[in-house]
Amino acid sequence: MRAPGALDLDGCPVYPRVAQSPNIPGIRVSNIPDDLQYTTEHEYLRAGAGGVLIVGITDYAQGELGDVVFVNLPKVGDKLAAHQSFGTIEAVKAVSELFSPVSGEVVEVNGAIDADPGVVNRDPYGAGWMVKLRPGNRAELDGLLSPSAYRSHIGE
Amino acid sequence: MTASLPRTESFTYRHIGPRPEDITEMVAILGYESLDALIDAVVPEGIRLRRPLALPKGRSEREVLRALRRLAAQNEIFRSYLGMGYYGTFTPQVIQRNILENPGWYTAYTPYQPEISQGRLEALLNYQTLVSDLTGLEIANASLLDEATAAAEAMTMTEAVTGRKGERVFLVDEACHPQTIAVVRTRAEVRGLRVVEGRPETFEFGPAVIGALVQYPATDGRVADYRDLCRRAHEAGALVTAATDLLSLLLLTPPGEWGADIAVGNSQRFGVPMGYGGPHAAFFATRESYKRHMPGRIIGVSRDVAGRPALRMALQTREQHIRRDKATSNICTAQVLLAVMAGMYAVYHGPDGLRRIAERVHGLTTLLATALRRLGYKLVHESFFDTICVEVERWAQPGILDAARARRINLRALTPTRLCVALDETMGLGDIADLIAVFSLDEALPFMLDGLGANSAPAIPAALRRTSAYLTHPVFHLHHSETEMLRYIKRLEARDLSLTSAMIPLGSCTMKLNATTEMMPVSWREFNRLHPFAPRDQTAGYLRLFQQLRFQLAEITGFAAVSLQPNAGSQGELAGLLVIRAYHKFRGEGHRKICLIPMSAHGTNPASAAMAGMQVVAVKSDAHGNIDLVDLGEKAKAHAGELSAIMVTYPSTHGVFEQSIKEICRTVHDAGGQVYLDGANLNAQVGLCRPGDYGADVCHLNLHKTFCIPHGGGGPGMGPIAVAAHLAPFLPDHPVVHVGGSDPCGTVAAAPWGSASILPISWAYIALMGWDGLTEATKVAILNANYIARRLAGHYELLYSGAEGLVAHECIIDTRPFKASAGVDVEDIAKRIIDYGFHPPTVSFPVPGTLMIEPTESESKEELDRFCDALISIREEIREIEQGLAERDNNLLTWAPHTLEHVISDSWDRPYPRERAAFPSPATRLHKVWPTVGRIDSAYGDRNLICTCVGMDAYA
């Protein structure tokens, strides 16, 4: 996940990802489950049943974005290249692109997000998943970040 | 002897806030001997203008009003039957006096702080409801700049919705208004879209066609049925846009019901004067499913912390300040003041009153049609609303036009054998009699006028008569007596913070005084009753004023030529880039498409560059926020063959005079590029330095910032561009009134001189201040900003400063450390400032988590001190949290802003006293604007988008 502004402007989105709720405390430690793989652009990848991979954004990413209001997802059957943008995620004051961690074909998208985008904030690793991919090249999985590498990537 | 008489009227003395003795004191506090010494330390010597501007000295308000009266007297008001999107209208006087002429409405800013903007947000919601109901489309925005640019935005949106790549064709009805076609063509050419013009019946929806634009009713009055066209378009996956007229839609089937996907048009005739071209609010409506592609600001309903309905701008992620060069539109400004007026016109008349107005206009038109037929004329179209197109013999046309002129009537000669007559609500039977006399060439009539009415049946085909209801919401039914209307307007006004209550220290927005004298001419009939396409010999006063204003702006910026056409800063940016593009093309270097933009730039810059068909390459900033010269040099070199331009803001968006600006310009010129200077911060330069002198080639001026046009609560604006001599041939032209250079870059706005009727404001400001006052104002603007920075030092970190620790005309304070130390973020501080009775500074621009403060020269030392005291007091409130004296997530800032309802409620359970919440400073006990809603849950509103009036029970 990457702010479009950051594509050209070296990671300097104009607007902050402000948490809107006054109840979110100032300091937050992200949940980085040990059984997942990660990208530097804050997607996670989970091995699902039958060799299918489940992609979503990390708890850190949803916290930085703030309240998610809309997610634009690809269609079933779309073929994605590794690192290709497959959609956008919008919060109140930020919009980011979503990138496919590996190449593959979209076999399922999470239709529930449309009706309830907040699920991405509440349960990013569970009900807030985004797409399921049938991977094209399993060797690409080796290039992803481990939980500890991702943790150090986000400075936690 | 007269020379020794004391001068009693200096406008500069009124415009500038700090008194002379305050200035002395403030300069001393900053450690300088004089104001000039401070300025010498702030503005790099290498770029200083060391002579007075070649403008007269300042004049008194009386003198300037007299001069304006003389100019006004040179404009002649003819009755206008020209139509083409501009019509006579009666502005209800209760609206004129209490909105158009009322600083409580016109001095507010864009409603970025919804808690103190609920009044105009409600007025805008009314406007959106009006547009949505009349067009028959689900979702409308809070206005765009004019009908022509709205049509161009519709084309761009069509492109985004259809997602078509490669060859793309956009079909345009040849009976669209000519200015609309010109703007659409200009914007299409840049995007690589092919425009095919023709009659809608002949449109063919081939595979490359993304959409079609039709005018309904057409520019020559014809009312046609486009149901079949829409069916064919939709079968081919194309979208249909209707450029339409709100008044006609009271009688005609709305576009949304016959299949249009987008409707655009001008709401001017809903009580907004023609103003020789503007400002007016253009509307834009579309289907719910396309909402995320819609340009412009959208007001939506959400809820506040207490769960009550509250309004705010919705879906902001569509906008340029977030999407930058990925945005499909660079629009920032709306036309809020004018949209408010149009919405109020509908509130005042209600659905029945509006329908009566439409029926009356249509009735007069059919009467005229009947009479002309009896005179033996043939009408080109038998179906029409308010405009008829008359066949005339070629030899007869000049005589008819002469007869019209003799009666001070303007008719539109569509072709040498066709005349168009467009009627409006200001016309009566006497006007029809005059028109008949004109067309009969003063021969005796072969019939009696009295008998005509009975033979005049409506000229709208049965299939196109409106049957659906509109404006059923109570707000359009409750305020028809003047007492109720007045109280409604005042009730909304009281919810908003404007310059009439307190300073609005928004960085990069320049919320200075909009003096009463400057505002007076706006409602003079000689300035506001002229049609933009009235013949030039009727508008000599305006033309003289434009000429003088162009000279003044050229002298102030150091450039050779000025175009007054762009009617917003964003349009100025686009126009400037189109001029640069045309220049490169003219020299056979059309391949130059790279636009360098510093990372610190406002989001509109990359959005404008993308719209101008350029490819954005970012230039890094160094630790001080300045452009990184090494990176600039490398990128200029790497792209030397394709470099088109750089867009720089000066002083920088960080509020600093960069020492290296000349070198930046030289580097870009050496690589074959042009320098576009974003004039947003011109208020720090007037009289001290000039973009044309230090190396820029073109700049836009936000007349609504530096030159006193009020912000109108979010528009109007004006964004003329000034260019060096080599770019003058490429200035924009207009298809009806020739204005541009010899090789114009196209047409950027609907009217030849943009929003002409607000140009006298800037003219008056410059005349009142003179070279001496303008320069003094700049110096005091810089003084005020540095005074604030000094007073806040030790309490907050100042983010950027120039050489001697000084800032230009604004300063940025860093509030990011409080996130860790107290759980307080920049939003909390901004909302707490509202409790102190002020409008917060700019939040999170240009640096996330910071506040940018721009006081302008107009704020007094007392007001600056009150504001600084408030910020310092808030710092102490944060310290209480840091020291554990206040709860981390349940404190004065967490729950700010505090509404009256909340602090007096019996269920108050906060761990701090009500008095501290409500009256945190002595000044607030004297006066403050109370927020009418608590902090707003924006996510809720964006997830559940509602953009029209909600039921009254929601407010219970």
**Report entry** Criterion: away from chain B (no Cβ under 14 Å) and under 11 Å from the mean Cα position of the chain (by Cα) - qualifying residue of A:Val102, A:Val131
**Finding:** A:Val131
Report summary line: Of the conditions (1) buried (at least 23 other Cβ atoms within 10 Å of the Cβ); (2) touching a Ser or Thr at 6+ places or on another chain (Cβ under 9 Å), the single one that B:Asn266 does not satisfy is (2)
Requested in this report: For residues that are more than 14 Å from chain A (Cβ to nearest Cβ) and surrounded by 24 or more Cβ atoms within 10 Å (Cβ to Cβ), tally how many sit in the stretch B:602-635.
Outcome: 3
**Report entry** Residue list for the stretch B:285-306, filter: among the charged types (D, E, K, R), away from chain A (no Cβ under 14 Å) and under 15 Å from B:Glu319 (Cα atoms)
**Finding:** B:Arg297
Query - Unmet requirement for B:Ala645, which otherwise passes all of (1) surrounded by fewer than 24 Cβ atoms within 10 Å (Cβ to Cβ); (2) closer than 23 Å to B:Thr604 by Cα; (3) in contact (Cβ under 8 Å) with a residue 24 or more places away in the chain - result: (1)
Query raised in the report: Does B:Glu880 fit the bill of being among the acidic types (Asp, Glu), more than 14 Å from chain A (Cβ to nearest Cβ) and surrounded by 19 or more Cβ atoms within 10 Å (Cβ to Cβ)?
Result: no
Requested in this report: Taking the residues in the stretch A:43-93 that are in contact with a helix residue (DSSP H, G or I) (Cβ under 8 Å, 6 or more places away or on another chain), in a loop (DSSP other than H, G, I, E, B) and within 30 Å of B:Met313 (Cα to Cα) as candidates, determine which candidate is farthest from the other protein chains (Cβ to nearest Cβ).
Outcome: A:Thr58
Requested in this report: Mind listing just one residue for me: the one in the stretch B:325-340 that is within 14 Å of another protein chain (Cβ to nearest Cβ) and more than 10 Å from B:Thr604 (Cβ to Cβ) and, of those, surrounded by the most Cβ atoms within 10 Å (Cβ to Cβ)?
Outcome: B:Asp325
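Is it the case, given these coordinates, that A:Ser96 is at pLDDT 85 or above, polar (S, T, N, Q) and surrounded by fewer than 20 Cβ atoms within 10 Å (Cβ to Cβ)? Break it down into steps so the answer makes sense when it comes.
Details: at pLDDT 85 or above: yes; polar (S, T, N, Q): yes; surrounded by fewer than 20 Cβ atoms within 10 Å (Cβ to Cβ): no.
The answer is no for A:Ser96.
If I ask for residues that are farther than 25 Å from B:Val223 by Cβ and either touching a Ser or Thr at 6+ places or on another chain (Cβ under 6 Å) or buried (at least 24 other Cβ atoms within 10 Å of the Cβ) (or both), which ones from the stretch B:158-183 would you list?
Start the filter on the stretch B:158-183 by keeping residues that are farther than 25 Å from B:Val223 by Cβ, which leaves B:159-169.
Within the stretch B:158-183, B:Ala160 is the sole residue that qualifies.
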Query raised in the report: Can you pull out the residues in the stretch B:904-944 that are farther than 17 Å from B:Ile834 by Cβ and not in a helix (DSSP H, G or I)?
Result: B:Ile904, B:Ser905, B:Asp906, B:Ser907, B:Trp908, B:Asp909, B:Pro911, B:Pro913, B:Asn944
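So for the stretch A:59-66 (the condition being among the acidic types (Asp, Glu), farther than 26 Å from B:Gly300 by Cα and over 13 Å from the mean Cα position of the chain (by Cα)), does at least one residue qualify? If you could, list the steps in order and put the result at the bottom.
We begin by selecting, within the stretch A:59-66, every residue among the acidic types (Asp, Glu); these are A:59, A:64.
When the remaining residues are screened for being farther than 26 Å from B:Gly300 by Cα, the result is A:59.
Restricting the remaining residues to those that are over 13 Å from the mean Cα position of the chain (by Cα) gives none.
No, there is no match, as no residue in the stretch A:59-66 is among the acidic types (Asp, Glu), farther than 26 Å from B:Gly300 by Cα and over 13 Å from the mean Cα position of the chain (by Cα).
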Query - Selected residue (criterion: farthest from B:Thr932 (Cα to Cα)) from residues of the stretch B:902-919 that are touching a residue at least 24 places away in the same chain (Cβ under 8 Å) and surrounded by 12 or more Cβ atoms within 10 Å (Cβ to Cβ) - result: B:Tyr912
Report summary line: Log entry, pairs with first residue in the stretch B:923-949 being touching a residue at least 60 places away in the same chain (Cβ under 8 Å), second being surrounded by fewer than 20 Cβ atoms within 10 Å (Cβ to Cβ) and of a type in the set (Ser, Thr, Tyr), beta carbons closer than 8 Å, six or more apart or on different chains, reads B:His927/B:Ser501; B:Lys928/B:Ser501; B:Val929/B:Ser501; B:Asp937/A:Ser21
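Condition check: part of a helix (DSSP H, G or I), surrounded by fewer than 22 Cβ atoms within 10 Å (Cβ to Cβ) and at pLDDT 95 or above. Does B:Gln552 satisfy that? Step through it out loud before you land on a result.
Values: part of a helix (DSSP H, G or I): yes; surrounded by fewer than 22 Cβ atoms within 10 Å (Cβ to Cβ): no; at pLDDT 95 or above: yes.
No: the conditions fail for B:Gln552.
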Requested in this report: Scan the stretch B:190-225 residue by residue and report those that are under 25 Å from B:Gly363 (Cβ atoms), assigned to a loop (DSSP other than H, G, I, E, B), out of contact with any Ser or Thr (no Cβ under 6 Å at 6 or more places or on another chain) and not acidic (Asp, Glu).
Outcome: B:Ala218, B:Thr219, B:Ala224
Query raised in the report: Which ones in the stretch B:797-812 are surrounded by 24 or more Cβ atoms within 10 Å (Cβ to Cβ) and not in a loop (DSSP other than H, G, I, E, B)?
Result: B:Cys811, B:Ile812
Report summary line: Residues of the stretch B:837-866 being at pLDDT 95 or above, within 14 Å of chain A (Cβ to nearest Cβ) and in a loop (DSSP other than H, G, I, E, B), in sequence order, are B:Pro840
Requested in this report: Kindly list, by first and then second residue, each pair from a residue in the stretch A:116-128 that is away from chain B (no Cβ under 14 Å) and within 14 Å of A:Gly66 (Cβ to Cβ) to a residue that is among the charged types (D, E, K, R) and surrounded by 14 or more Cβ atoms within 10 Å (Cβ to Cβ), limited to pairs with Cβ atoms under 9 Å and residues at least 6 apart or on different chains.
Outcome: A:Pro124/A:Asp59
Report task. From (1) in contact with a Leu (Cβ under 8 Å, 6 or more places away or on another chain); (2) closer than 29 Å to B:Ala515 by Cα, pick out the condition that doesn't hold for B:Ile878. Result -> (2)
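Is it fair to say A:Leu73 is touching a strand residue (DSSP E or B) at 6+ places or on another chain (Cβ under 8 Å) and buried (at least 20 other Cβ atoms within 10 Å of the Cβ)?
Working: touching a strand residue (DSSP E or B) at 6+ places or on another chain (Cβ under 8 Å): yes; buried (at least 20 other Cβ atoms within 10 Å of the Cβ): no.
Spelling it out, it is not the case that A:Leu73 is touching a strand residue (DSSP E or B) at 6+ places or on another chain (Cβ under 8 Å) and buried (at least 20 other Cβ atoms within 10 Å of the Cβ).
Please indicate, with yes or no, whether at least one residue in the stretch B:554-562 is of a type in the set (Asp, Glu) and touching a helix residue (DSSP H, G or I) at 6+ places or on another chain (Cβ under 6 Å).
So in the stretch B:554-562, the residues of a type in the set (Asp, Glu) come out as B:555.
Next, from what is left, pick out any that are touching a helix residue (DSSP H, G or I) at 6+ places or on another chain (Cβ under 6 Å): none.
The answer is no; no qualifying residue exists.
The values are calculated or read from the model by the stated rules, or taken from the named source; none is laboratory data. Remember, predicted model here, so these are calculated numbers, not experimental data. Counting neighbours? That spans all protein chains shown, and the Cβs are built from the backbone with ideal geometry, glycine included.
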